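K.L.:
Pasting a structure here, questions to come.
The values are calculated or read from the model by the stated rules, or taken from the named source; none is laboratory data. Keep in mind that this is a model prediction, so the values were computed, not measured. Here the Cβ is made from the backbone with ideal geometry for all residues, glycine too, and neighbour counts use every protein chain on show.
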Amino acid sequence: MGSFSDSFQSLLPIIEDRIKNLPVKGFIASSKFEDIIFPLGSDTKVLGTVFELLSRKEVYEVANKEKLLIKEASRQNFYPDFTIMRSETDLEKIALDIKTTYITKRNQKFKFTLGSYTSFLRNPTKNIEYNYKEYKEHWVLGFVYQRDTSKISASHIWHPYEKRERIKPAYSNVDLFFRQKWEIASDSAGSGNTANIGSIYGEISDFKNKLPLFKSEKEFEAYWRSYKRTALERETNYRNIKEFRQKYDY
């Protein structure tokens, strides 16, 4: 199903153009007496949902073109956001996950978390829509935006629909990338003491073009399946990709 990723890649400029020229400003509440808009505010989860909605059309469009089915995550904490497949018995499913984060200035470095390394990587049916072994590819559609925190207080004010032009979007300068998960993964955990895989730390150009740290998806999976949760445990196991390769002769 490589044709799905190739076709979707070709539509990224359309998604970028939509985000640039069709800014989402808020939620509409409608009655027979009035229509009002509540601005989005700067909550990262809300904005993450906005970017997912703005890219959903292309996901379905490509799937329909390739005669593929789509299953969206049935639970909030399930992976992935979209499962693309020929049928439910397909053993070469594609996982597509939407990731978002924000920066405060142009060309600022950033990173993501790429899911837990103690869930479906180790137990193939834990917190995942289908058995992990049934997925052939794992893709990330990532959005990076500048968040305008000055508009947070204004988000609590509602506006008449006819005054919608005065509402300013809570985000700007959106960039996006589309890469396989293993290609943008690092060899360190993503956040504090939580068991999340960390992405590389870099600028948007790194997420688009940088050569992967891991040699292959197979090496990425082997590394994170045996990665220990605490620093003390890692001292006697391995702490980074160099030590992993020395230990397992990769």
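K.L.:
Determine if region 72-79 includes at least one residue that is touching a helix residue (DSSP H, G or I) at 6+ places or on another chain (Cβ under 7 Å) and either in the same structural domain as ILE94 (by TED's automatic domain parsing) or under 25 Å from VAL24 (Cα atoms) (or both).
P.N.:
No, because not a single residue in region 72-79 is touching a helix residue (DSSP H, G or I) at 6+ places or on another chain (Cβ under 7 Å) and either in the same structural domain as ILE94 (by TED's automatic domain parsing) or under 25 Å from VAL24 (Cα atoms) (or both).
K.L.:
A follow-up question, please. Show the residue pairs that are 6+ apart or on different chains and have beta-carbon atoms under 8 Å apart, the first residue being within region 110-128 and basic (Lys, Arg), the second being part of a strand (DSSP E or B).
P.N.:
Note: pairs meeting the criteria are LYS111/THR101; LYS111/SER186; LYS111/GLY198; LYS111/SER199; LYS111/GLY202.
K.L.:
One residue is enough: does region 2-21 have a residue meeting the conditions more than 21 Å from PHE178 (Cβ to Cβ), within 19 Å of the chain's Cα centre (by Cα) and in contact (Cβ under 8 Å) with a residue 12 or more places away in the chain?
P.N.:
no
K.L.:
Would you check if there is a residue in region 196-211 being touching a helix residue (DSSP H, G or I) at 6+ places or on another chain (Cβ under 7 Å), free of Cβ contacts under 8 Å to residues at least 60 places away in the same chain, closer than 19 Å to GLY115 by Cβ and buried (at least 18 other Cβ atoms within 10 Å of the Cβ)?
P.N.:
No, region 196-211 contains no residue that is touching a helix residue (DSSP H, G or I) at 6+ places or on another chain (Cβ under 7 Å), free of Cβ contacts under 8 Å to residues at least 60 places away in the same chain, closer than 19 Å to GLY115 by Cβ and buried (at least 18 other Cβ atoms within 10 Å of the Cβ).
K.L.:
Return yes or no: is SER7 part of a loop (DSSP other than H, G, I, E, B) and either of a type in the set (Asp, Glu) or in the same structural domain as ARG164 (by TED's automatic domain parsing) (or both)?
P.N.:
No: the conditions fail for SER7.
K.L.:
Which condition breaks for GLN76 when tested against (1) at pLDDT below 90; (2) touching a Ser or Thr at 6+ places or on another chain (Cβ under 8 Å)?
P.N.:
(2)
K.L.:
Is it the case that region 142-149 has a residue that's surrounded by fewer than 17 Cβ atoms within 10 Å (Cβ to Cβ), at pLDDT 95 or above and in a strand (DSSP E or B)?
P.N.:
The answer is no; no qualifying residue exists.
K.L.:
Test each condition in (1) exposed (fewer than 14 other Cβ atoms within 10 Å of the Cβ); (2) in a helix (DSSP H, G or I) for PHE244 and report the one that comes out false.
P.N.:
Only one criterion is unmet by PHE244, namely (1).
K.L.:
OK, next. Evaluate the following for ILE94: is it over 26 Å from SER199 (Cβ atoms) and β-branched (Val, Ile, Thr)?
P.N.:
So ILE94 fails the test.
K.L.:
I'd like to know if region 48-60 contains one or more residues that are in the same structural domain as LYS163 (by TED's automatic domain parsing), farther than 28 Å from ASN196 by Cβ, at pLDDT 90 or above and of a type outside the set (S, T, N, Q).
P.N.:
yes
K.L.:
Of all residues in region 79-91, which are among the polar types (S, T, N, Q) and either more than 16 Å from PHE120 (Cβ to Cβ) or at pLDDT below 95 (or both)?
P.N.:
Residues satisfying the conditions are SER87, THR89.
K.L.:
Moving to a separate point now. Please work out which one of (1) touching a strand residue (DSSP E or B) at 6+ places or on another chain (Cβ under 7 Å); (2) of a type in the set (Lys, Arg); (3) surrounded by fewer than 17 Cβ atoms within 10 Å (Cβ to Cβ) is the condition LYS65 fails and give its number.
P.N.:
(1)
K.L.:
How many residues does region 31-47 hold that are touching a residue at least 40 places away in the same chain (Cβ under 8 Å), out of contact with any Phe, Trp or Tyr (no Cβ under 7 Å at 6 or more places or on another chain) and farther than 30 Å from GLY142 by Cβ?
P.N.:
1
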